[in-house]
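The values are calculated or read from the model by the stated rules, or taken from the named source; none is laboratory data. Since we're looking at a predicted model, the values are computed, not measured. So basically every Cβ, Gly included, is an ideal-geometry build from the backbone, and we count neighbours across all protein chains shown.
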Amino acid sequence: MHDRRGDRGRRPRPGPPGFRWLTVGRLADLTRHSGYLNVQARTLLACLRYAQGK
């Protein structure tokens, strides 16, 4: 399994059972596949992209 450390090299805190931490880039990659991300995740990604000026 890949080491999914954040930008600062620290491991993220564990989330609730059944949840995973993802980078913005990984979320963007998953939008290419229908049904992988729910509406809330897609909305969050759109807001992050807007905030970054993309």
Considering residues that are assigned to a helix (DSSP H, G or I), out of contact with any helix residue (DSSP H, G or I) (no Cβ under 7 Å at 6 or more places or on another chain) and of a type in the set (Gly, Ala, Ser), the number found within region 36-54 is 2
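Those residues that are among the β-branched types (Val, Ile, Thr), over 22 Å from residue 10 (Cα atoms) and surrounded by 10 or more Cβ atoms within 10 Å (Cβ to Cβ), I need them from region 23-43; list them, please.
First, pick out the residues of region 23-43 that are among the β-branched types (Val, Ile, Thr): 23-24, 31, 39, 43.
If we keep only those that are over 22 Å from residue 10 (Cα atoms) too, we end up with 31, 39, 43.
Hits for region 23-43 are 31, 43.
Residues in region 12-31 that are part of a loop (DSSP other than H, G, I, E, B) and either at pLDDT below 75 or within 16 Å of residue 49 (Cα to Cα) (or both): how many? Show your work before the answer.
Pass one, region 12-31, residues part of a loop (DSSP other than H, G, I, E, B): 12-23, 31.
The next check asks that each one be either at pLDDT below 75 or within 16 Å of residue 49 (Cα to Cα) (or both); those that pass are 12, 22-23, 31.
Within region 12-31, residues that are part of a loop (DSSP other than H, G, I, E, B) and either at pLDDT below 75 or within 16 Å of residue 49 (Cα to Cα) (or both) number 4.
Right, residue 9: modelled with pLDDT under 80, at positive phi, out of contact with any Leu (no Cβ under 9 Å at 6 or more places or on another chain) and not in a helix (DSSP H, G or I) or not? First the steps, then the outcome.
Numbers: modelled with pLDDT under 80: yes; at positive phi: yes; out of contact with any Leu (no Cβ under 9 Å at 6 or more places or on another chain): yes; not in a helix (DSSP H, G or I): yes.
Yes, satisfied.
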